[in-house]
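Inspection log for the structure reproduced underneath, given as structure tokens.
The values are calculated or read from the model by the stated rules, or taken from the named source; none is laboratory data. Nothing here was measured: the structure is a model prediction, and the numbers come from that model. Counting neighbours? That spans all protein chains shown, and the Cβs are built from the backbone with ideal geometry, glycine included. Remember, those area values only see protein heavy atoms, side chains included, never the ligands or the DNA or RNA. Shrake-Rupley method; radii C 1.70, N 1.55, O 1.52, S 1.80 Å.
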Amino acid sequence: MEPLFEGADWSFTTLQRIHDACQEIALSELGLDVYPNQIEVITAEQMLDAYSSTGMPLFYKHWSFGKHFAHHEAFYRKGLRDLAYEIVINSSPCVSYLMEENTATMQTLVIAHAAFGHNHFFKNNYLFKTWTDAEGILDYLDFAKGYIARCEERHGQAAVERTLDAAHALMSHGVHRYPGKSKLDLRQEERRERERRAHEEQIFNDLWRTVPAGPSKSALDLGAERRRTVLGLPQDNLLYFLEKSAPRLQAWQREILRIVRHVAQYFHPQRQTKVMNEGTATYVHYRIMTRLHEKQAISDGNFLEFLTSHSNVVFQPAFDHPRFPGFNPYALGFAMMQDLERIVTNPEAEDREWFPDIAGSGDAMAVLRDIWANYRDESFISQFLSPRLMRQMRMFHICDDPARTEGVVVEAIHDEAGYRRIRRQLAREYDISWTDPNIEVVDVDLAGDRRLLLRHTVVNGCLLQDTAATHVLQHIADLWSYDVRLQEVDPTGTVLKEHVASPRAMTRAA
Amino acid sequence: MNIVDRRLNPRGKALENRQRFLRRAKGVVQQAVKQSLQSRNIRDVLDGGEVSIPMDGMEEPSLRRGAGGMRDHVLPGNKTFIEGDVLPRSGGGSGGKPDKAGEGAGEDAFRFVLTREEFLNVFLDDLELPDLAKRRLTETEHESPVRAGYSVSGSPANIAVNRTTRLAMMRRMALRRPNPETIARLEAEIAACEEDGLRLALEDKVKALNAKVRRIPYIDPVDVRYRRYENEPKPVAQAVMFCLMDVSSSMTEHMKDLAKRFYMLLYIFLAQRYRHVELVFIRHTDRAEEVDEDTFFHSPATGGTLVSSALEAMRAVIAKRYSPEDWNIYAAQASDGDNSYSDEAATERLLKDAILPASQYFAYLEVGESGRESMSHSALLRLYERLRAEGAPLSIRKVSHRNEIFPVFRELFQRRQGHEKAAS
């Protein structure tokens, strides 16, 4: 095969040729299934921009994005941190950003990684299929941006900012964790908001304002049980609860909560599949680049350049390394994918014992495609982390229990007795329903002072970080408009700690 | 596949968000700017700069687990441990063990690069020259002509030729003024014509055309346009700032440094806020001289001290170049307070009779040794205090450490409520 390019320079025709060569390998040799690709060439500054608004090309305005921009920029200017080589967006067409500064080799790597690896994962993984709407997301973000800008015109930047701040603080508790009855459809979502607005305008009758309000009966009648059922309690999606039930929110505030909730939901699968997503993309780019080199589409020099970047990406420092950042999802994911390939094509006795279903079945890509479609980090690790890889990475499990005075105990190491325990524990670390604190709305005193009661079910004695919890609770109180109490309760039901917050005056007035 | 070149998209998409962030962080940024000024060379300030903003001032809270409780971790890179080993907790706190990813609150502070404008805006926020507008601003308006379209009347010098010929041509075409070529062609036809009847008809036609040419002039007075100018009044805040500094041997390097910093702040402040401000640098020992900025700040001198000499020099410069009628006059004097006893009467007289009546504002900065709070009041200070008690527009501050310069400067030039003068 003709070399795709020479040296480091690239042009748009080169990009086209690179893409076509990668596509050839990705589709016919690896059997990937991808959304149509859109490749956008951007500058470093634009990359910083994209970074700061959670990687989305269009996003509403908020100061926190300015903060993140400044943060990234400062690091980048000082040379402390490189920019990511790419950003890829889970949309259809799948948008990959390429920086103009990249060399031709890097562009090939990025196209293989993002436009085929991530793209395939987005299109096929069950979490993304269930929770995201790739066709609708860009339109929806456009709608959100316009809606929030209009709110700012109508209600003032300060009021909108307060609502957004509060919503952002609750973002991690604004997702439905279990699939509901219907698939998310953001286009419909946007249309429904318009219809709601039109309907309200139609039925608006100023006379209703003058109807004398008698003493409220309904609240008194409700028994505690029935009240909780009506409100859908307990509810762990705090944003959803506030959007639906906060008594004094304006319609536009509810819509903002809804927008933030949809954005949170859209990113929810990404949080649960870091290792798999990056592992997939890294594995795919490695396969494609190697194939291109075999076909002599890229030169030895270019391939060496690729290998340097690749090994930087999958570098995993040991725990005692001064800059140990925890597990590198690229390293762990890539190692697991390669390990799976080995198990499928060239298993040892141990692998046959541990993975009877796939060991030696021969078609590595078929097995991997199936895994990419049907697992998330937690289930992936708990089923496919092999003893061999645990030995290779020399994993060990430690437990730090404050009740034990002497120190940190090594619970398990990479030996026969420890494999399963290490694997279970590592999987658990990627289970966000385990790592995120479990907080629910449990009751509202509708008959009395309308106080909202939240409960944090404490696991292993890990309480919430105090100041942050106070601040978030303040935001909740502002949205709820009445007092809020958060109890931290251990499994036996003992209340370990209580936070309370009252709404601030300015939000009441708003 | 689709390739899109987004490099030409409008830049600075983050600008709006950045400004929102700055607006929100105003207090924190102000504090950070103040702190960064203490540690850096003031000249660098004009280059804008980097400030570090504590993250906790701008945090975005979320519900997450704090320290404490039982923790399990899987880590890579075991070399020597076996099951059941007990490792010492790494020092400091409840967490124990090496840093864990995804835990902890992130960075304590981050560096934020402010542009020059942003930096100076924050730095100079709330500062202005006292009473600058009071005396002459309203009267001293400088008028300058500004183009304001076209008019049908005006002086011949202002004829807008292009516009006029354009209008003339429009009118000629609209009224169908015959063009010279048509007439010339007809006349040629007449000359060549053999038949009388036809020639007569042609001659009539030419006559009619010529009449029409006369009726419809090439340029008509209604076509003429003049460039119109309007005088736009521009307020001019004329001010001169006198920098007086004692450079005698009693002033240590430290004191000079303090004074220098004060003037530098003043310099930046003036350069930023006002366009028409002049600076006069006067340094003195027992005799005074007007010097350029560089000499003022950097060249050494020794000798005795006579404050009156500087004031006298200032008076002379005012008389020569800056008539109090036309200029707002400000002065800032830095000194260690040393003055020869015999000079006091002269100083007072000069201040009372010449300087203070001419000045809008006079700031006196007494610099002292670092770490030594001077208990006694110097003679000069007592003199100024007495004058102020009598209602002179004077401000007096004592400074002995460079950290104090900025707050003092701020205080001296704080935007004031009403016309309250020089609070102590």
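Observations on the model:
- The stretch A:107-138 - residue that is among the hydrophobic types (A, V, I, L, M, F, W, C), closer than 26 Å to residue A:62 by Cβ and surrounded by fewer than 24 Cβ atoms within 10 Å (Cβ to Cβ) and, of those, modelled with the highest pLDDT: A:128
- Residue in the stretch A:316-351 that is farthest from the other protein chains (Cβ to nearest Cβ), counting only those that are over 29 Å from residue B:80 (Cα atoms) and of a type outside the set (Val, Ile, Thr): A:346
- Check on residue A:400, at pLDDT below 90 and within 8 Å of chain B (Cβ to nearest Cβ): yes
- The stretch A:312-355: number of residues that are part of a helix (DSSP H, G or I) and modelled with pLDDT under 90: 2
- Within the stretch A:444-458, being open to solvent by 30 Å² or more (accessible area, probe 1.4 Å), in contact (Cβ under 8 Å) with a residue 40 or more places away in the chain and at negative phi holds for A:446, A:447, A:455.
- Filtering the stretch A:362-383 to residues that are within 16 Å of residue A:283 (Cβ to Cβ) and within 20 Å of the chain's Cα centre (by Cα) leaves A:371, A:372, A:373, A:375, A:377, A:380, A:381.
- Identity of the residue in the stretch B:165-184, over 60 Å from the mean Cα position of the chain (by Cα) and loosely packed, with under 12 Cβ neighbours inside 10 Å, that ends up farthest from residue B:225 (Cα to Cα): B:184
- Any hit, the stretch A:307-315, residues being within 14 Å of another protein chain (Cβ to nearest Cβ) and within 25 Å of residue A:376 (Cα to Cα): yes
- In this structure, residue A:376 does satisfy being basic (Lys, Arg) and at pLDDT 90 or above.
- Residue in the stretch A:466-491 that is farthest from residue A:167 (Cα to Cα), counting only those that are within 9 Å of chain B (Cβ to nearest Cβ) and open to solvent by 50 Å² or more (accessible area, probe 1.4 Å): A:466
- The one condition in (1) within 30 Å of residue A:372 (Cα to Cα); (2) open to solvent by 10 Å² or more (accessible area, probe 1.4 Å); (3) not aromatic (Phe, Trp, Tyr) that residue A:141 fails to fulfil: (2)
- Summed over the stretch B:311-329, the residues that are at pLDDT below 80 and buried (at least 19 other Cβ atoms within 10 Å of the Cβ) give a count of 2.
- Boolean, residue A:26 is crowded, with 17+ Cβ neighbours inside 10 Å, more than 25 Å from the chain's Cα centre (by Cα) and modelled with pLDDT of 80 or more: yes
Here's the yes/no breakdown for (1) of a type in the set (Lys, Arg); (2) free of Cβ contacts under 8 Å to residues at least 12 places away in the same chain:
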residue: A:134; (1), (2): no, no
residue: A:138; (1), (2): no, no
residue: A:146; (1), (2): no, yes
residue: A:149; (1), (2): no, no
residue: A:187; (1), (2): yes, no
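- Failed condition for residue A:254, given (1) touching a Ser or Thr at 6+ places or on another chain (Cβ under 9 Å); (2) farther than 26 Å from residue A:389 by Cα; (3) open to solvent by 10 Å² or more (accessible area, probe 1.4 Å): (1)
- Restricting the stretch B:206-242 to residues that are open to solvent by less than 30 Å² (accessible area, probe 1.4 Å) and at pLDDT below 85, the residue that is nearest to residue B:364 (Cα to Cα): B:241
- Among residues of the stretch A:429-443 that are within 12 Å of another protein chain (Cβ to nearest Cβ), those with a Cβ under 6 angstrom from a residue that is open to solvent by 20 Å² or more (accessible area, probe 1.4 Å) and not in a helix (DSSP H, G or I), sequence gap 6+ or separate chain, pair up as A:437/B:65; A:438/A:457; A:440/A:234; A:440/A:236; A:440/A:455.
- Pairs meeting the criteria (first residue in the stretch B:246-264 and under 17 Å from residue B:405 (Cα atoms), second residue of a type in the set (A, V, I, L, M, F, W, C) and at pLDDT below 75, beta carbons under 7 Å, at least 6 apart or on different chains) are B:258/B:405; B:260/B:297; B:261/B:42; B:261/B:405; B:262/B:405; B:262/B:409; B:264/B:42.
- Every test in (1) within 13 Å of chain B (Cβ to nearest Cβ); (2) of a type in the set (A, V, I, L, M); (3) within 26 Å of residue B:74 (Cα to Cα) is passed by residue A:454 save one, and that test is (3).
- Scanning the stretch A:363-397 for residues that are facing chain B (nearest Cβ under 7 Å) and not in a strand (DSSP E or B) gives A:393, A:394, A:395.
- Top-ranked residue in the stretch B:10-24 [being open to solvent by less than 60 Å² (accessible area, probe 1.4 Å) and facing chain A (nearest Cβ under 7 Å); ranked as modelled with the lowest pLDDT]: B:14
- Filtered residues of the stretch A:445-485 (kept if modelled with pLDDT under 85 and among the aliphatic types (A, V, I, L, M)): A:446, A:447
- Applying the condition of being open to solvent by 10 Å² or more (accessible area, probe 1.4 Å) and in a strand (DSSP E or B) to the stretch A:403-414 and asking which residue is farthest from the other protein chains (Cβ to nearest Cβ) yields A:411.
- In the stretch B:397-422, of all residues being within 26 Å of the chain's Cα centre (by Cα) and among the aliphatic types (A, V, I, L, M), the one that is modelled with the lowest pLDDT corresponds to B:422.
- Qualifying positions in the stretch A:1-19 - of a type in the set (S, T, N, Q) and either open to solvent by 50 Å² or more (accessible area, probe 1.4 Å) or at pLDDT below 85 (or both): A:13, A:16
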